[in-house]
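The values are calculated or read from the model by the stated rules, or taken from the named source; none is laboratory data. Please read these numbers as outputs of a predicted model, since none were measured by experiment. Note that we place each Cβ from the backbone using ideal geometry, even for glycine, and neighbour counts take in every protein chain shown.
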Amino acid sequence: MSGRRLVIEADGGSRGNPGPAGYGAMVRDVATGEVLAERAAAIGTATNNVAEYQGLIAGLRAAAEIDAAAVVEARMDSKLVVEQMSGRWKVKHPSMIPLRAEAAELAGTLGSVRYTWIPRARNMHADRLANEAMDAAAEGRSWEPPTPQSPEPAPRVAASTRRLSGWMAPTTAPTTTVLLRHGQTAMSREKRFSGVIDAPLTETGHAQAAAAATRLRDVHFDAVYSSPLKRARQTAEAVGREYLIEEDLRETDFGGWEGLTFSQVRERDTDALDAWLADQTVAPPGGESIVTSSTRVHGAVRRIIAAHPGQRVLIVAHVTPIKALTQLALGAEPNVLYRLHLDLASLTTIDWYADGPAVVRGFNDIAHAQHLTESGE
């Protein structure tokens, strides 16, 4: 006899990868929308992938406790875990093998389990639980579920996730982030991989930053944040306001490809480049994957939003972080990053709502520097 239809949403994170890590998982009844279980815990020092597997394991265990015959859909924003659990990708890393086996054993005790990848924007419940667990560990305590545990009525969630911007009024004021990409550097002019190379602005880059500053002169900002890299800081300084450094807004570390053009990497490292283009969990040699850097940036902006509810914030950053935040706001698949064009010194505006999805109000606005702007990081 078939059991209840349940949905698991699971996630995990690491502040350092590896670093202090934690997981979160939620089990929801498909028929009623009721949240039946929440699980979260810190797991010490671990990688993102280990934490994500631990989240799945916790969710599967909770589902089995609710109904051993349940028909389960396990949703995660980890492409790696979903593909490995679905049997389409091999498990190669030694730390993943026992975790995959444990998850498969738990899944075997249930009626059936299928695995679905979802965008990070649709996995915020589990993401929140994972971050609560890591925050609790940082404060020297264990995560505990709220008491009494309040169900989340399906109609309210459905209504908020389908709100039409401009048609349906939100119940809270958004935090508005204005994302300013830095001006030109010698690396961007020559279209070279430039992640952690601390290149300064060129003369054109300074002119672009000044043009952006003029555009923003009469706009009120409650706070300004910048990447720690020089090109971003110089752009923020041109705006002429006090700003805070947020380390996690830095660009992706391209490792051994730093300073090379795309053609040079294609010639020297064809297989690694193809793997990187095909799978965003793959990192350049000695560098950082797009998924890892995107997760880092998501965390930084989550902290900024929490610190400035209902306010307007200027964020000066780089091409990959701004694209990653746009992808998050749109609830789009990760490969949308390859379909977004972002110019130097451009402005992107996103409203982040507490009661529903984000709204992208503007993307790649370069009206202020059209005559100065060239593409490329």
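Would you confirm, using the coordinates I've provided, whether T295 is outside any loop (DSSP other than H, G, I, E, B), touching a Lys or Arg at 6+ places or on another chain (Cβ under 6 Å) and in the same structural domain as R181 (by TED's automatic domain parsing)? Reasoning before the result, please.
Details: outside any loop (DSSP other than H, G, I, E, B): yes; touching a Lys or Arg at 6+ places or on another chain (Cβ under 6 Å): no; in the same structural domain as R181 (by TED's automatic domain parsing): yes.
Against the criterion (outside any loop (DSSP other than H, G, I, E, B), touching a Lys or Arg at 6+ places or on another chain (Cβ under 6 Å) and in the same structural domain as R181 (by TED's automatic domain parsing)), T295 does not qualify.
Which of the residues that make up the stretch 1-49 are in a loop (DSSP other than H, G, I, E, B) and within 14 Å of R296 (Cα to Cα)? Break it down into steps so the answer makes sense when it comes.
First, pick out the residues of the stretch 1-49 that are in a loop (DSSP other than H, G, I, E, B): 1-4, 15-18, 30-34, 47.
Hits for the stretch 1-49 are R15, G16, N17, P18, T47.
Going by the structure shown, is S112 of a type in the set (S, T, Y), in the same structural domain as S142 (by TED's automatic domain parsing) and under 30 Å from T252 (Cα atoms)? If you could, list the steps in order and put the result at the bottom.
Numbers: of a type in the set (S, T, Y): yes; in the same structural domain as S142 (by TED's automatic domain parsing): yes; under 30 Å from T252 (Cα atoms): no.
In short, no.
Could you pull out every one of the helices (runs of 4 or more DSSP H) wholly within the stretch 218-292 that has 3 or more residues that are buried (at least 17 other Cβ atoms within 10 Å of the Cβ) and not small (G, A, S)?
In the stretch 218-292, 230-239 are the helices (runs of 4 or more DSSP H) which contain 3 or more residues that are buried (at least 17 other Cβ atoms within 10 Å of the Cβ) and not small (G, A, S).
Could you run through the stretch 103-147 and say how many residues are part of a helix (DSSP H, G or I) and over 23 Å from the mean Cα position of the chain (by Cα)?
As a first pass, look at the stretch 103-147 and keep what is part of a helix (DSSP H, G or I): 103-108, 120-122, 124-138.
Okay, now just the ones that are also over 23 Å from the mean Cα position of the chain (by Cα), so 103-108.
Number of matching residues: 6.
Tell me which residues, restricted to the stretch 300-324, are without any contact (Cβ under 8 Å) to a residue 40 or more places away in the chain and under 26 Å from R339 (Cβ atoms).
Within the stretch 300-324, K323, A324 meet the criteria.
Of everything in the stretch 343-356 that's assigned to a loop (DSSP other than H, G, I, E, B) and either of a type in the set (D, E) or in contact with a Leu (Cβ under 9 Å, 6 or more places away or on another chain) (or both), which residue is surrounded by the most Cβ atoms within 10 Å (Cβ to Cβ)?
Step one: filter the stretch 343-356 for residues assigned to a loop (DSSP other than H, G, I, E, B), giving 344-346, 353-356.
Next, from what is left, pick out any that are either of a type in the set (D, E) or in contact with a Leu (Cβ under 9 Å, 6 or more places away or on another chain) (or both): 344-346, 355.
On the way: L344: 28, A345: 30, S346: 24, D355: 12.
Among those that are assigned to a loop (DSSP other than H, G, I, E, B) and either of a type in the set (D, E) or in contact with a Leu (Cβ under 9 Å, 6 or more places away or on another chain) (or both), it is A345.
Six or more apart or on different chains, Cβ under 6 Å: which pairs go from a residue in the stretch 19-38 that's within 22 Å of T295 (Cα to Cα) to one that's outside any strand (DSSP E or B) and aromatic (F, W, Y)? Could you list them?
Close Cβ pairs satisfying both conditions: none exist.
State whether the residues of the stretch 314-332 include one that is of a type outside the set (G, A, S), buried (at least 22 other Cβ atoms within 10 Å of the Cβ) and part of a loop (DSSP other than H, G, I, E, B).
Yes: the stretch 314-332 contains one or more residues that are of a type outside the set (G, A, S), buried (at least 22 other Cβ atoms within 10 Å of the Cβ) and part of a loop (DSSP other than H, G, I, E, B).
Could you list, in sequence order, the residues of the stretch 61-71 that are outside any loop (DSSP other than H, G, I, E, B), more than 15 Å from V35 (Cβ to Cβ) and not basic (K, R)?
Within the stretch 61-71, A64, V71 qualify.
Condition test on R100, is it closer than 29 Å to G299 by Cα and assigned to a helix (DSSP H, G or I)?
yes
Please indicate, with yes or no, whether at least one residue in the stretch 188-209 is crowded, with 19+ Cβ neighbours inside 10 Å, of a type in the set (V, I, T) and within 17 Å of S289 (Cα to Cα).
For the stretch 188-209, residues crowded, with 19+ Cβ neighbours inside 10 Å, of a type in the set (V, I, T) and within 17 Å of S289 (Cα to Cα): absent.
Does the stretch 177-194 contain any residue that is of a type in the set (F, W, Y), more than 15 Å from S346 (Cβ to Cβ) and touching a helix residue (DSSP H, G or I) at 6+ places or on another chain (Cβ under 8 Å)?
The answer is yes; a qualifying residue exists.
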